[in-house]
Amino acid sequence: MTKRIWITRTEPGASRLASKLLETGYQPITAPVFTIEPVQSPTPRIETDLWVFVSTHAVSHAANHQWDKTKPVIAVGPATASQFESMLVQPLVPSQHSSEGIYDLIRSRFKTGLRVTIVSGRDGRKDLRTWLSDDGYECDEWIVYERKPSRIQVSTSQLDAIVAASGAAVSEIRQQFATLSSVSIPVVVPSTRDAELAKSMQFSTVLIAEGASDDAIVNSLSDLFSTRGQQLG
């Protein structure tokens, strides 16, 4: 029987992953738990030495503003990097597609004391800014979008797995199972941090993908349904 996978990530990533899952024989249920809305925020006036874009949404919403594309750019992963093609910008991409990966890349390639501007969404993780500031970098944030809960209702009775893109998504997903003490449907997350949150919210089976890319998600699902996989707990 075809496995039904609930994709909770935001668009356009949700539809992109859905196409990938269809190609590999799954039945995707595309129902994002967040919508993305722009934030009216001007380009930072202070000149920066390095731009860091933490998501595809950061790139698409910053595109509505003028910013100095002559300075080095880091994109968190391949999907984010691909957003720069039309701008003729070639970003650096860390080997680990996460805040931790960005941090390691900056520490290995850029000297301390430089000014780093992190382009992101409101209420996102602050770890990267904290780590860099502690190491002597001058860090600014440019908030260009925000996530709003979709408040959707999903029929969960026949789901075989759930894909979550962040800890915030895990929290929203849990609301669909508010009457249950635990959730038996496996959930796939992109990091150990998100997995720990999911376990604390009583998801009984949590798989950690090797990042948030479509291929990483597909590989984790293959591991799950072949009774293998990296599980926490």
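Considering the range 175-202 alone, what residues qualify as being touching a Leu at 6+ places or on another chain (Cβ under 9 Å) and more than 27 Å from Gly77 (Cα to Cα)? It would help to see each step written out before you state the result.
Step one: list which residues in the range 175-202 are touching a Leu at 6+ places or on another chain (Cβ under 9 Å), which gives 185-189, 192, 195-196, 198-199, 202.
Ile185, Gln202, listed by residue number.
Among Val54, Val33, Val59, which is the only one that is touching a Gly at 6+ places or on another chain (Cβ under 8 Å), buried (at least 21 other Cβ atoms within 10 Å of the Cβ) and under 22 Å from Thr80 (Cβ atoms)?
From the options Val54, Val33, Val59, the qualifying one is Val54.
Would you point out which residue out of Ile143, Ile118 is surrounded by fewer than 19 Cβ atoms within 10 Å (Cβ to Cβ) and touching a Lys or Arg at 6+ places or on another chain (Cβ under 7 Å)?
Going through Ile143, Ile118 in turn, the sole match is Ile143.
Of the conditions (1) surrounded by fewer than 22 Cβ atoms within 10 Å (Cβ to Cβ); (2) on the phi < 0 side of the Ramachandran plot; (3) outside the structural domain of Asp140 (by TED's automatic domain parsing), Thr8 fails just one. Which one is it?
That leaves (1) as the condition not met.
Report yes if Ile118 is outside any loop (DSSP other than H, G, I, E, B), touching a residue at least 40 places away in the same chain (Cβ under 8 Å) and not assigned by TED's automatic domain parsing to the domain that holds Val189, otherwise no.
yes
Mind listing whichever residues of the range 152-166 are free of Cβ contacts under 8 Å to residues at least 40 places away in the same chain and under 17 Å from Ile7 (Cβ atoms)?
Passing the criteria: Gln153, Ser155, Ser166.
Just checking, does the range 52-66 include any residue being part of a loop (DSSP other than H, G, I, E, B), β-branched (Val, Ile, Thr) and over 22 Å from the mean Cα position of the chain (by Cα)?
no
Results for (1) closer than 30 Å to Val119 by Cβ; (2) of a type in the set (S, T, N, Q); (3) modelled with pLDDT under 95, shown as yes or no for each residue.
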residue: Thr156; (1), (2), (3): no, yes, yes
residue: Ile162; (1), (2), (3): yes, no, no
residue: Gln175; (1), (2), (3): yes, yes, yes
residue: Val183; (1), (2), (3): no, no, no
residue: Thr227; (1), (2), (3): no, yes, yes
residue: Gln231; (1), (2), (3): no, yes, yes
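Select from the range 76-100 the residues that are crowded, with 18+ Cβ neighbours inside 10 Å and either part of a helix (DSSP H, G or I) or outside the structural domain of Glu138 (by TED's automatic domain parsing) (or both) and list them in ascending order.
Ala79, Thr80, Ala81, Ser99 - these are the residues of the range 76-100 that are crowded, with 18+ Cβ neighbours inside 10 Å and either part of a helix (DSSP H, G or I) or outside the structural domain of Glu138 (by TED's automatic domain parsing) (or both).
The values are calculated or read from the model by the stated rules, or taken from the named source; none is laboratory data. A quick note: this is a predicted structure, and the numbers were derived from the prediction, not measured. Heads up, the Cβs are rebuilt from the backbone with ideal geometry, glycines too, and the neighbour counts pull from every protein chain shown.
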